[in-house]
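The structure appears below as structure tokens.
The values are calculated or read from the model by the stated rules, or taken from the named source; none is laboratory data. Note that the structure is predicted; figures quoted are calculated from it, not measured. Cβ sites come from the backbone with ideal geometry, for glycine too, and all protein chains shown count toward neighbours. Only protein heavy atoms, including side chains, enter the accessible area calculation; ligands, DNA and RNA are left aside. Shrake-Rupley method; radii C 1.70, N 1.55, O 1.52, S 1.80 Å.
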Amino acid sequence: YVLELWPKSSTLTPSDRSSISPPHARCLSSLRLRRVDLKMKKLDSTKSLLIKSEQLLRIEDHDFAMRPGFGGSAIPVGIDVQVESVDSISEVNMDFTMTLYLRHYWQDDRLAFPSSSNKSRTFDSRLVKKIWVPDVFFVHSKRSFIHDTTMENIMLRVFPDGNILYSVRITVTALCSMDFSSFPLDTQNCSLELESYAYNENDLMLYWKNGNDSLRTDEIVLSQFFVEDFQPSFGLAFYSSTGWYNRLYINFILRRHIFFFMLQTYFPTMLMVMLSWVSFWIDRRAVPARVSLGITTVLTMSTIITGVSSSMPQVSYVKAVDIYLWASFLFVFLSVIEYAAVNYFTTVEEMKKLKRAQVIPASYNATQAMAFDGCFHDNDIDLTSFPEVSSTPNTERNTQSRNSTVSAPAEGTRLRRRNPLKHNLRFIMSNSYMIDSYSRVLFPLAYLLFNVIYWSMYA
């Protein structure tokens, strides 16, 4: 084909256009399109399709194993964090899991490039491996990873003046030293700490990019905790072999929801204690009923204590829930001991009544023998059928001796005061039914006083 070119200012007449063959027309139109593309490429080098990103940023011309400004002052690296979620908090392992967006800001003049429109360029993780980035790590972290679905969640944005934004999406599990002395009425202070691993304060200076506004959070809802506050802070960490390092803190306060533990622990414990008081209204001679009720409440309290202990770390100090559970267990245990005392004193009282008879008549049947087994009240036992003891010389002598001791003391005789404690104890032993009467009042009042003191201290 022969290509005929016309001057730029010349115009084609209709006759000239008709004389151009179709191949000539296609060549002419393609030349015009290429001339337009060249004009657009000259306007902005960042839009050039002929220049690769590595060539534009001159990556091959620099050694990015060294930090920017090596040999000079420390390079400032700003940090910005957005907390996406607090995934879990484990009391047993004493740690928490958090997902966050970690953003780094710094300037590297080696990556500056010409751009008439001052527009930035955005890259993914493939370019990050070829340039220098801050080596920030999480102190006291147990596990951490960068999300990689569907690609690695890494973003690198380079501005024409060399300013860089480097953002990653990370899930980290870190240690949180918890104090369970007030559990479950406790408040925990946890922190996530960021620090450079290789560069001390002479080479890299970490700081919060926008002060207190550098830490942002989405709406966080937890099942057992309420997040009261997120607060950034700054500090220094010293290592004897490498020196001082800048350290950033993400502090947050967790307050535990008490309603779950009220339903699972406190309310069942209160009911078991009150159930143990029912035995005070059961007849003291109904041995199977009172013993089975006492053993049932004791075993139920043991199950509650075991369940709570299995979900908690094995700490060497007493927790608030331990105080409540063991105090309640003590009340339940004392109710069983109370019936043991009542049953013992009742048996002793009946044995004394039978010993006073000294002789058991032949007509003594099984109904009277039930007094030993404790199936009737004392008033229901008829002891009039037992014969009275006949007077003997020995009994008369004992009566005279008792009468002689009652006579007025001689002059100079030393009087001994009667012990009121022993007198009251003997009175209670002879009237064992009064123990149940006192227990009906003393046990609820003591437990009520314990609850008032407990909730005033820990609530």
Output ordering of 431-444, 87-100 (per-residue mean of other Cβ within 10 Å, highest first) is 87-100, 431-444
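As an exercise, use a Förster radius of 22 Å and the Cβ-Cβ distance of residue 240 and residue 137 to find the FRET efficiency, rounded to the nearest 0.05. Let's see the in-between values first.
Details: r = 19 Å, r/R0 = 0.87.
That pair, residue 240 with residue 137, gives E of 0.70.
Heavy-atom accessible area per residue, the range 75-255, 1.4 Å probe: how many Å²?
It amounts to 47 Å² per residue over the range 75-255.
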Applied in sequence order to the range 146-155, the curve 6.51 cos²θ - 1.76 cosθ + 1.60 (Karplus, θ = phi - 60°) yields integer Hz couplings, x standing for Gly and Pro, of 9, 5, 10, 10, 7, 10, 4, 7, 10, 10
Could you sort the peptides 231-240, 300-309 by per-residue average Cβ neighbour count (10 Å cutoff), highest mean leading?
300-309, 231-240
Taking the mean number of other Cβ atoms within 10 Å as a proxy for protection, how do you rank 246-253, 447-454 from highest to lowest?
246-253, 447-454
